[in-house]
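The values are calculated or read from the model by the stated rules, or taken from the named source; none is laboratory data. Because the structure is a prediction, the values reported are computed rather than measured. When we count neighbours, we look across all protein chains shown, and the Cβ atoms used for this are built from the backbone with ideal geometry, even at glycine.
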Amino acid sequence: MIDILFYVFAALALGGAMGVVAGRSPVASLLFMVLCLGSVAGIYVLLEAHFLAAVQVIVYAGAIMVLFLFVIMLLNLGHNYHPDLKAGLWSALSFAVAGALFGFLGRQLWGNRTMTPEAGDSVDALVAQYGAVGAIARPLYTEWVVPFEITGILLLVAIVGALVLAKQRV
Amino acid sequence: MVIDFSSNLDYVRALLPEIILCVWGMVVLMAGVWRGESSEEGPRAEGLGWLALVGVAFAAVANGWLHGVREVGTDGMIAVDGFRLFSNWIFLTAALLGMLVSFAYVYRQRLQAGEYYALMLFSVAGMMFMAGARNLIVVFLGLEVMSIAVYALSAFNRRDRRSAEAGLKYFILGAFSTGFFLYGIALTYGATGSTHLPTIALAVSNGTAHGALLLFGVALMGVGFAFKVSAVPFHMWAPDVYEGAPSPVTAFMSAGVKAAAFAAFFRVFLVSFQGAYESWYGVMWWLSATTMVGANLIALVQTNVKRMLAYSSIAHGGYLLVAITAANQASAGAALFYLLVYTVMNISAFAVVIAVSNHGEERLEFEDYAGLGRNQPGLALLLTLFLLSLAGFPGTGGFMAKFQLLLGAMDAQLWVLSVILVLSTVVSYAYYLRLAWYTWMRDPADGGSPLPVYLPIGMRLALVVGAAVVIWLGLFPGSVLDLARASAAGLGVAGPMVEILH
Amino acid sequence: MSGLSPGVFLVTSAVKVVAVFSVLMVAVAYTTLAERRVSAWIQDRMGPNRVGPFGLLQPIADGIKNFLKEETLPGTSTKLFFVLGPMLAIVPALVTFAVVPFAAPLPTPWGTVPMIVADVPIGILYIMALSSLGVYGIVLGGWASNNKYSFLGALRASAQMVSYEVALGLSLVTVLMLTGNVTLTQVVFEQQHLGLWFVLPLSLGFILFVISAFAETNRLPFDMPEAESELVTGYHTEYSSMKFSMFFIAEYAHVITQSALMATLFLGGWDIPFWHGDDAFYFQGQWIQGFDAAGTPVLATLAWWKTLLTLGAFVLKTSLFVLVYIWVRWTLPRFRYDQVMQLGWKIMLPTALAYLMLIAGTILVLDEISVPFGLTYGLILTVVSMIGTVVFTFWLDRDRVISGASPSARWPLPQSMPSVDVPQLSETDPSQAAVGAGGN
């Protein structure tokens, strides 16, 4: 059951990702992106990482993508963007590089596919002890508290920067 | 005083300079809001700058206090070692000088002073996080804090199209390079199973790291760093951004950002990827050689002073890459010393440019400097001093720093690179001295109308400090050099490893 | 989960899904009727009373009408997204209910069945996730219609929902802090355990939640997206027949779900007040009623009539909030768009943040001086919260942040204003005319 669901979600995620690239209109691409992110959230659920799944949907699908949709709708009204997407040598080159990287990583991972994951605290045990949120909140506020706080500063800086540049009165 | 990271509270003490800067950034922001929207009141706009400088002073006190602190127990997210503290001094110097040269500019261009100084403080905090990070995640976050603040600063002058262009270019290419960097971190994590630098170092040196993945990770992180230090061929953004950004921002970022990127570069490559030296040694060699040669040659044909200084800044990045290629104790100490000297002399040179350009974006061509020696002999003298120091003229700090780099490279038996370093330095004399020649020998094209130059107190202070430091480090480098060497020793670089190759 | 064998779990879950879905759909239908009857009552009219006794068959007639009406598809619309819009709107509205516990567990011969469709470990976060997805339907529908009014409505809807989601989430966090977990079953249990419904110890959180919930459901006074006097009907202007109906069902399903959430989060859910006989919580493999003085679990006594009673309590509380929704809609005027945004970002968000700090600090202090989690604990929080609420209310009631529609409220006219029968509408100074009108 879990295996089948995994392949369903994986296929949806990959299909969505391809749809993003191949979509005819930006809005279609965006919806494919939402599909892709949602499928990844589904995979998180299969991995018992419920909190991550919820946050994935809330933050990416629910907030960031809505803002993208906003921007696309506001900027793209009646604009024909097809000439902007120049094909040719560069895209061929990027495809080649991306393909080479993909092939290389694929080969590496295929060669190590029997690698067993390192022993660590099982997610189930952590969730049982601290709850779905506590299992992730605990390391976040103890071991990783410094990066966590720096992220706060980062967001503040980004907000200040955006406000400075977007303010109407100068 | 002892710091033990097994207690989370000790992070507050270990991160005191960073915390002070961040909190002070918020204080300055609030003060800017309370000051009101109008930027008409000049003295008060400058008041915000002085307020920000108070924060820098507090951070400096905290940084000095950390010198007496010893780290025990397990490694934390942040290193408390000499390397970090010395780097912090460099960033604080950059902040001090960068703010001093900004005062009049911010006032004249009617920029939003509160946000301007706050962003500067935040970016300095980001630099400190980068230099002190003992975890790749912290390196990345510090990089982002610094970069985003600087992106916004580059585009800060909303009335100037070129400023917007600079901000956008910097932002897009910076985001691009961040992508490389982050992917590199991910692959390194995949290869070693950790983002903790000492753990990575262990995995790399005893060979448990996954070879090919690690190679890709190292390569991608190298590309990310190369973007940030604007090494040729990843330098394309630098001249346009340096030219378009407000001049004080250019001064600040050409020194501070570069120093921070190099500090993190050193820590990551010389500590974590030490064991994989053979695989990145060659790349660094070529990167450094092309940067030195390319940047100096292109700088020869520039006619805009800011662009010339931009290429000069790229070239200095090339010299510092020599230290990374050498990867030994002497080079690490020399690089720290070099970064300090470079920060002071580069911002000071920009200070003169800002003064001549009337705290705006005027009179930036070489031609505009004609007659400066006659009208403003003092300023012209200072400019000449800073240019000579940038070029590496004996008796100036620049010479001492470059000499130390050269010693480090010879120590690592990098003969060819040493020769390139010397030759490209000789080439660089041409363009630095060309500007000096315009200053002293040329008459202005329009027949000698005097250049009105306004030198407010902040600018005077910056120029005096800059000149004093450049001369002092040129003549009596001993104590600072010893401190730099001792600081680099804390990094734990094993020593010259070229023997592996020979 | 909950100690049921997989077969029983599957069967009971299927039954619960079907039952909850059907009840929800019927409830939606009758909420529309209730809305019309209550509005008629408020406006001193009769309301629909022709179809069936007291008009009770009116929703069925409406449903048939909607099915039989012509389905229009505007020629300039983007077909795919136009069809997709209503679908994306209705799905999140309906599936949100899955995590709401609606009664005490039911003992059956095959094991004790919890009365909740899916007790997922992330309860409230699941609700947040789905409510954030609800925007897509409205935005896509409005955009694909290729109509100015629809598009404006869609933009307003998404801006509004994104803005108020922040305050909604932050007011929820206070509940989570008091509960110590995010599952709604535990939220209900902790309210039983505390002996107080969270509406008292978290009074300001409740107020913020209600305001945000109104904004999230796009109901008056926050119905900017479909403001019929400016935007025809906003994002569903171009929709007809069943597709329009789906937007309509989504809105009412949202109303019911939000009401159920308010009841669950702040009014004890299915808990019957002043009686501990109904308390039940799945704790370490068994159903418990609570803990005795020594901290050992006391087993719960379950019965089918308790399940029925608690279900009644839940329905009662939910209906109460649905009525409040309707009452507010027919009583308050609509905000201006800038007022909505000001309220969201300049009042709700800072207040929610400050309140969060207040509650977190109080909880920290109470835990540090080891006050046991019980009535005293709740009462101290109630007092602190009430102070916060009073301060908030007084602060809000100053007519400064949310300015009135006329300038007179902010800049009172001088007493000796010459009385003008007809305001002078001069082209040069329209503000004078507005002042004159406001002064009369």
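Are any residues in the range B:168-226 closer than 22 Å to B:GLY142 by Cβ and of a type in the set (S, T, N, Q), and if so, which ones?
B:SER177, B:THR178, B:THR188, B:THR192, B:SER194, B:THR195, B:THR199
Can you tell me which residue within the range C:1-30, out of those that are modelled with pLDDT under 90 and of a type in the set (S, T, N, Q), is farthest from C:LEU323 (Cα to Cα)?
Out of the qualifying residues, it is C:SER5.
Out of everything in the range C:119-128 that is hydrophobic (A, V, I, L, M, F, W, C) and in a loop (DSSP other than H, G, I, E, B), what residue ends up being farthest from the other protein chains (Cβ to nearest Cβ)?
C:VAL120
Being among the β-branched types (Val, Ile, Thr) and within 12 Å of chain A (Cβ to nearest Cβ) is the requirement here; does B:THR208 meet it?
Yes.
Hey, B:THR178 hits all of (1) surrounded by fewer than 20 Cβ atoms within 10 Å (Cβ to Cβ); (2) out of contact with any Phe, Trp or Tyr (no Cβ under 9 Å at 6 or more places or on another chain) but one; which does it fall short on?
Answer for B:THR178: the failing condition is (2).
Can you work out which of the residues in the range B:71-105 that are over 12 Å from the mean Cα position of the chain (by Cα) and among the polar types (S, T, N, Q) is nearest to A:TYR141 (Cα to Cα)?
Going through the qualifying residues, I end up with B:THR74.
Here's a check for you: in the range B:211-227, which residue that is surrounded by fewer than 20 Cβ atoms within 10 Å (Cβ to Cβ) and at pLDDT below 85 is nearest to the other protein chains (Cβ to nearest Cβ)?
B:ALA212
Kindly check whether there is at least one residue in the range B:22-43 that is charged (D, E, K, R), surrounded by 16 or more Cβ atoms within 10 Å (Cβ to Cβ) and not in a helix (DSSP H, G or I).
Looking through the range B:22-43, at least one residue is charged (D, E, K, R), surrounded by 16 or more Cβ atoms within 10 Å (Cβ to Cβ) and not in a helix (DSSP H, G or I).
Let me confirm something: among C:VAL199, C:VAL175, C:VAL182, which residue is closer than 30 Å to C:ASP278 by Cα, within 14 Å of chain A (Cβ to nearest Cβ), assigned to a loop (DSSP other than H, G, I, E, B) and touching a residue at least 40 places away in the same chain (Cβ under 8 Å)? Spell out the reasoning first.
Details: C:VAL199 fails: within 14 Å of chain A (Cβ to nearest Cβ); C:VAL175 fails: assigned to a loop (DSSP other than H, G, I, E, B).
So the residue among C:VAL199, C:VAL175, C:VAL182 that is closer than 30 Å to C:ASP278 by Cα, within 14 Å of chain A (Cβ to nearest Cβ), assigned to a loop (DSSP other than H, G, I, E, B) and touching a residue at least 40 places away in the same chain (Cβ under 8 Å) is C:VAL182.
Only residues that are surrounded by fewer than 11 Cβ atoms within 10 Å (Cβ to Cβ) and more than 13 Å from chain A (Cβ to nearest Cβ): list them for the range C:68-84, please.
Correct list: C:LEU68, C:GLU70, C:GLY75.
Here's the yes/no breakdown for (1) within 11 Å of another protein chain (Cβ to nearest Cβ); (2) in contact (Cβ under 8 Å) with a residue 60 or more places away in the chain:
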position	(1), (2)
C:PRO109	no, no
C:PRO114	no, yes
C:VAL117	no, yes
C:ILE138	yes, yes
C:ASN147	no, yes
C:SER150	no, yes
C:VAL162	yes, no
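Of the conditions (1) touching a residue at least 24 places away in the same chain (Cβ under 8 Å); (2) out of contact with any helix residue (DSSP H, G or I) (no Cβ under 6 Å at 6 or more places or on another chain); (3) over 30 Å from B:LEU215 (Cβ atoms), B:LEU168 fails just one. Which one is it?
The single condition B:LEU168 does not satisfy is (1).
Would you say B:GLU361 is touching a strand residue (DSSP E or B) at 6+ places or on another chain (Cβ under 9 Å) and under 22 Å from B:LEU455 (Cα atoms)?
Details: touching a strand residue (DSSP E or B) at 6+ places or on another chain (Cβ under 9 Å): no; under 22 Å from B:LEU455 (Cα atoms): yes.
So B:GLU361 does not fit the description; no.
State which residue pairs qualify: first residue assigned to a helix (DSSP H, G or I) and inside the range A:1-12, second residue small (Gly, Ala, Ser) and surrounded by 10 or more Cβ atoms within 10 Å (Cβ to Cβ) in any location, beta carbons under 7 Å apart, and separation of 6 or more residues or different chains.
From residues that are assigned to a helix (DSSP H, G or I), the pairs are A:PHE9/A:SER39; A:PHE9/A:GLY42; A:LEU12/A:SER39.
For every residue, the table says whether it meets (1) out of contact with any helix residue (DSSP H, G or I) (no Cβ under 8 Å at 6 or more places or on another chain); (2) modelled with pLDDT of 75 or more.
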position	(1), (2)
C:MET224	no, no
C:LEU231	no, no
C:GLY234	no, no
C:MET242	no, yes
C:PHE247	no, yes
C:ALA253	no, yes
C:ALA300	yes, yes
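How many of the residues making up the range C:203-245 are basic (Lys, Arg) and part of a loop (DSSP other than H, G, I, E, B)?
Total satisfying the criteria: 1.
What single numbered condition from (1) more than 16 Å from C:GLY137 (Cα to Cα); (2) at pLDDT 85 or above fails to hold for A:PRO26?
So the condition that A:PRO26 fails would be (2).
So, in the range A:24-64, how many residues would count as being in a loop (DSSP other than H, G, I, E, B) and more than 11 Å from chain C (Cβ to nearest Cβ)?
Number satisfying all stated conditions: 1.
Run B:SER194 past the list (1) part of a loop (DSSP other than H, G, I, E, B); (2) farther than 17 Å from B:ALA133 by Cβ; (3) free of Cβ contacts under 8 Å to residues at least 40 places away in the same chain and report the number of the one that doesn't hold.
(2)
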